Amino acid sequence: MSEIFGFDAYAPREIAQRVETVGVAKARLALLPLALLGMLAGAFIGLGALGFVIVKSDATLGYAAGQWLGGLVFSLGLLLVVVAGAELFTGNNLLAMAWADGKISSRELLRNWVVVCLANLVGAAGLALLVFLSGHAELNGGAICQTVFKIALAKQGLPWQEAFFRGVLCNLLVCMAVWMAMAGRSVIDKAVAIVFPVSAFVAAGFEHSIANMYLMPLAWLLQQSGAVPSVPVISGAGMLGNWLPVIAGNLLGGSVLVALTYHVIYRRGSAAP
């Protein structure tokens, strides 16, 4: 099949089979490695968000340049997840393909999503604590601290419907990045497949639930330390008010608009194993 496309990559139908096979393995991973890999993924995405904040703290960059360059740097997170190996909730929304084909049960699907999402939160928030303790936010004359707070405050203030639909659009692109990375046969192939969709969702200002699980706790820690104004307040309720609609949007964008759509195209009624 790949010869039809003229390059050394898996064809779309082959990607669908690979995504399904990997999904079965992910759904049946033992609890401890699943949780540890989930924590790694949360930290990896947090590192990408850290890089994005460094770029956005540079006041000399215009809006478009800052968004696209920030998106390019943020791609580090998904590159680490895909190449080094980790379990990311947003990418694991593709498990819906294996579920739709009857290869995994609803219980296995939900177990993976719940464990991985919670583990991602632990990893992302844990990284936020380490970054806070390192004094990293004081760099660039404190501009990083102010940028984190500004970003987190904007996320907390998003109406739920905007947060939801930005989550949908974000994970449409994230899952397409993971999908295309599955076509690659080398690290370079995977990197090229990941960078453009991820840069696009960041530049567009869409919402990634796991990145928010790093940025918002870090802003809260900075506020508790007195490094940013005490009013307006970054609160636990404000974080949940962002995370819940964004998680729901990410779930719809990845599992329905990508996984189930490709299932209907390539796997529904397929006699392939």
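Give, in nm to one decimal, the length gained when the segment between Leu130 and Ala204 is fully stretched (0.36 nm per residue of separation minus the Cα-Cα distance). Walk me through the intermediate numbers first.
Values: separation 74, 0.36 × 74 = 26.64 nm, distance 2.85 nm.
Roughly 23.8 nm would be gained on extension.
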- Message: Please list, short to long, the whole-number percent of alpha-carbon pairs of segment 12-267 in consecutive 5 angstrom bins beginning at zero.
- Response: 1, 7, 14, 19, 20, 17, 11, 6, 4, 2, 0
- Message: Accessible area per residue for the chain in Å², computed with a 1.4 Å probe and the full protein assembly in place, what is it?
- Response: 44 Å²
- In nm, to one decimal, how far is the Phe196 label point from the Ser235 one, both placed 7 Å along Cα→Cβ? 4.4 nm
- Task: Please work out the FRET efficiency for the pair Ala30 and Glu162, using the Cβ-Cβ distance as r and a Förster radius of 25 Å; give the result to the nearest 0.05.
- Result: 0.05
- Find how much the distance from Arg268 to Ala154 grows on full extension, using 0.36 nm per residue of separation minus their present alpha carbon separation; answer in nm with one decimal. 36.9 nm
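Got a number for carbon plus sulfur as a percent of the chain's accessible area, 1.4 Å probe? Present the calculation step by step, with values, prior to reporting the outcome.
Working: 8510 of 11970 Å².
Roughly 71 percent, rounded to a whole number.
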- Query: How would Leu72, Leu109 rank on accessible area, largest to smallest, probe 1.4 Å?
  - Reply: Leu72, Leu109
- Residue-level accessible surface for Ser235, protein heavy atoms, 1.4 Å, Å²: 40 Å²
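Taking the Cβ of Val202 as the center, what net charge do the other residues with Cβ under 14 Å away carry, scoring Lys and Arg +1 and Asp and Glu -1?
Values: positive: Lys56, Lys155, Arg166; negative: Glu207.
Net of charged neighbours comes to +2.
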- Provide the gained length on full extension for the span Leu244 to Ala11, in nm with one decimal, where the gain is 0.36 nm per separating residue minus the Cα-Cα distance. 80.4 nm
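Check segment 12-267 and count each lysine pair with an alpha-carbon distance under 27 angstrom, considering only pairs eight or more places apart or from different chains. Don't skip to the answer; put the middle values down first.
Details: Lys26/Lys103; Lys26/Lys190; Lys56/Lys150; Lys56/Lys155; Lys56/Lys190; Lys103/Lys190.
Here the count comes out as 6.
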- Item | Nitroxide proxy distance, nm - points 7 Å out along Cα→Cβ at Gln224 and Tyr63 | 3.4 nm
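The values are calculated or read from the model by the stated rules, or taken from the named source; none is laboratory data. Please read all numbers here as calculations on a predicted model, not as lab measurements. Using ideal geometry, Cβ is built from the backbone for each residue, glycine included, and neighbour counts are taken over all protein chains shown. Note: areas computed on protein heavy atoms with side chains; ligands, DNA, RNA excluded. Shrake-Rupley method; radii C 1.70, N 1.55, O 1.52, S 1.80 Å.
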